[in-house]
Amino acid sequence: MRSPSVKTDRRRSRLARVARAIAIAAVLAGVLGGCRQDMHDQAKYEAFERNEFFDDQRASRPPLPGTVARGHLAEDAAFYLGEADGALVATAPVSLDQALLARGRERYDIYCSPCHDRVGTGNGMIVERGYKQPPSLHEQRLRDAPDGYMFQAITNGFGVMPSYAPQIAVRDRWAIVAYIRALQLSQAATATDLSAADLAALRAHETSK
Amino acid sequence: MAQIFHPSTNTFSKVSIFGALFLIGGALWGLAVLNRSGYATQAGVAREQPVPFSHKHHTGELGIDCRYCHTSVEVSASAGIPPTQTCMNCHAQIWSDSPTLEPVRASYRSGESIEWIKVHDLPDFVYFDHSIHVSKGIGCASCHGRIDEMNLVRQVSPMQMEWCLDCHRNPAEHVRPRDEVFDMAWWTDDQAALGAKLIDEYDIEGRDDCSICHR
């Protein structure tokens, strides 16, 4: 016969064991849960996150005025400003090839076509919704304008048109200028401007329709 | 002492032990389903934003390209959220006295950021990069769905590891021509042939080693 006291002791110890197991499980769950959240949201800043340390609370810091990133000194005025010796540059200071034109077309369609439309006549979707209508890029005045003039319109804005410098890299702005030249040519080209091969291809296309 | 339970309850207890396996199995299965459900992944939930900016309106109807606003998506890890200036490019003139746009104008006057609420948010221990996906021909719509049909952005994919790996192990089913990455409605009838061709052309390996995402 076992004594009742021992029995209660045993029962208590079993209870204690269960309680301990529950407590450990709870602590573990807490610790693991805590860890999980810590690792999900670590003490580092993601792009555009809020940071209370700075007055404007931006973790992504704008560069201080006047600072120049390594390798980004805008020395070449013709390339960065579209001017050389106080005059607008006549032709884009980049080498012109098919790839540049393709790039220009893509960038023009993204950034300019909402207002100037895809061919440059100035009837873009935003104009249809009430934005001031820009002049057609095919006006004689704009055909005669030097490349630097177009470049500066993009870089500094023109009249009510805002500057597109924050959205478009410098080289891409020149690509757009090159593409506008191609657009201007396309809207005023005659059959004699085409090479014999292109003309034949065009004729074939015409007759196949 | 008389037996409390009749011998026939033996069968009952055997069945219930067996049943418990099913119960536990069922519970685990339930957890797995719950873990992948919209409730856990937050997929399908549209976030209220400080300004009710509509992608349906701006991209679907006006046809503005994603890159007009998300300028860094081709070149960096983050797609970028447009600064207030970008909205003012147009809204300085159109709908310039709409009350819904007042927070945009207030931000423009004061220089304080508009605080957009993040919709997609991977845990910080995962590395993700937009630029490689764009340059390897994975369309925005493959991960974000038809953004051009959403008034408020919601997450459509679970954004769990399983989901990333599904594509990484089988990129041929998702890859499209680079020119079509920004076209929300792009579709082909013959993904099998096109996929195989593009995997070659874009030199896609379909990597799934842990260290590319957990670095």
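The values are calculated or read from the model by the stated rules, or taken from the named source; none is laboratory data. Being a predicted model, the structure only gives us computed values, none of them experimental. We place every Cβ from the backbone using ideal geometry, glycine too, and count neighbours over all the protein chains shown. When the accessible area is computed, the model is the full protein with side chains, heavy atoms only, and any ligands, DNA or RNA have been set aside. Shrake-Rupley method; radii C 1.70, N 1.55, O 1.52, S 1.80 Å.
At 1.306 mPa s and 10 °C, plugging the Kirkwood radius over alpha-carbon pairs of the protein assembly as shown into Stokes-Einstein gives what diffusion coefficient in µm²/s?
D, rounded to a whole number, is 58 µm²/s.
Please give the total accessible area that chains A and B bury against each other, computed with a 1.4 Å probe and expressed in Å² to the nearest 100.
2300 Å²
First check a/c for the range A:77-203, with a ≥ b ≥ c the square roots of the eigenvalues of its C-alpha gyration tensor; if it is under 1.5, answer rounded, and if not, answer prolate when a/b is larger than b/c or oblate otherwise.
Oblate is the answer for the range A:77-203, as a/c is 1.5 or above yet b/c matches or exceeds a/b.
Need one word for the range A:36-87: rounded, prolate or oblate. Basis is the Cα gyration tensor (sqrt eigenvalues a ≥ b ≥ c); a/c below 1.5 gives rounded, then a/b vs b/c decides.
prolate
Taking amide H atoms as placed 1.01 Å from N in the peptide plane, list the residues 5 or more away in sequence, or in a different chain, whose amide H sits under 5 Å from that of B:SER76.
Residues meeting the criterion, in which the H sits 1.01 Å from N, are B:SER131.
Not counting the cut sites, what is the longest span of chain A without GluC sites (Glu not before Pro) that DSSP labels loop and that have at most 14 other Cβ atoms within 10 Å?
A:140-209
Relative to the present Cα-Cα distance, how much length would full extension add between B:LYS197 and B:ARG47 at 0.36 nm per residue of separation?
Taking B:LYS197 through B:ARG47 to full extension adds about 50.1 nm, to one decimal.
Search the structure for amide H atoms under 5 Å from the amide H of A:ALA84, placed 1.01 Å from N in the peptide plane, and list their residues when 5 or more places away or on another chain.
Here the answer is A:VAL89, since their amide H atoms fall under 5 Å of that of A:ALA84.
Take the Cα of B:GLU102, step 7 Å along the line toward its Cβ, and report every residue of the range B:29-56 whose backbone nitrogen sits under 17 Å from that point.
Zone members listed by number: B:49-53.
Placing unit charges on C-beta atoms (Lys and Arg positive, Asp and Glu negative, everything else neutral), compute the dipole magnitude of the protein assembly as shown about its Cα centre in debye, rounded to 20.
About 2780 debye.
Please identify the longest segment of chain B free of exposed chymotrypsin sites (Phe, Trp or Tyr not before Pro), where exposed means a DSSP state other than H, G, I, E or B and no more than 16 other Cβ atoms within 10 Å.
That would be B:6-94.
If I model a spin label as a point 7 Å beyond the Cα along the Cα-Cβ vector, how far apart are those points for B:VAL33 and B:TRP186 in nm?
If labels sit at B:VAL33 and B:TRP186, their model points lie 3.6 nm apart.
Can you tally the net charge around B:ALA141? Count Lys and Arg as +1, Asp and Glu as -1, for every other residue whose Cβ sits under 12 Å from the Cβ of B:ALA141.
Surrounding charge for B:ALA141 is -2.
At R0 = 35 Å, how high is the FRET efficiency between B:SER211 and A:GLU139 if r is their beta carbon distance? Nearest 0.05 is fine.
That gives a FRET efficiency of 0.05.
At most 11 other Cβ atoms within 10 Å and a DSSP loop assignment: could you name the trypsin sites (Lys or Arg not before Pro) in the range B:124-156 that fit?
Listed in order of number, the matching sites amount to none.
Tell me, what HN-Hα J-couplings in whole Hz come from the Karplus equation 6.51 cos²θ - 1.76 cosθ + 1.60 at θ = phi - 60° for each residue of the range B:192-200, using x for Gly and Pro?
4, 5, 4, x, 4, 5, 6, 4, 5
Report Rg/Rh for the range B:50-166, rounded to two decimals, where Rg is the Cα radius of gyration and Rh the Kirkwood radius.
That ratio is 0.99, to two decimals.
For chain A, find the longest principal axis of its Cα atoms and tell me its angle to the long axis of helix A:170-188, 0 to 90°, nearest 10.
The angle comes out at about 40 degrees.
When only Cα pairs under 8 Å and 6 or more residues apart are kept, what is the percent relative contact order across chain A?
That works out to 16 percent.
From Cα coordinates alone, what are the radius of gyration and Dmax values for chain B in angstrom?
When restricted to the Cα atoms of chain B, Rg and Dmax are 24.9, 95 Å.
At a 1.4 Å probe, which residues in the range B:27-67 are at least 20 Å² less accessible with all protein chains present than in their chain isolated?
B:GLU61, B:LEU62, B:ILE64, B:ASP65, B:ARG67
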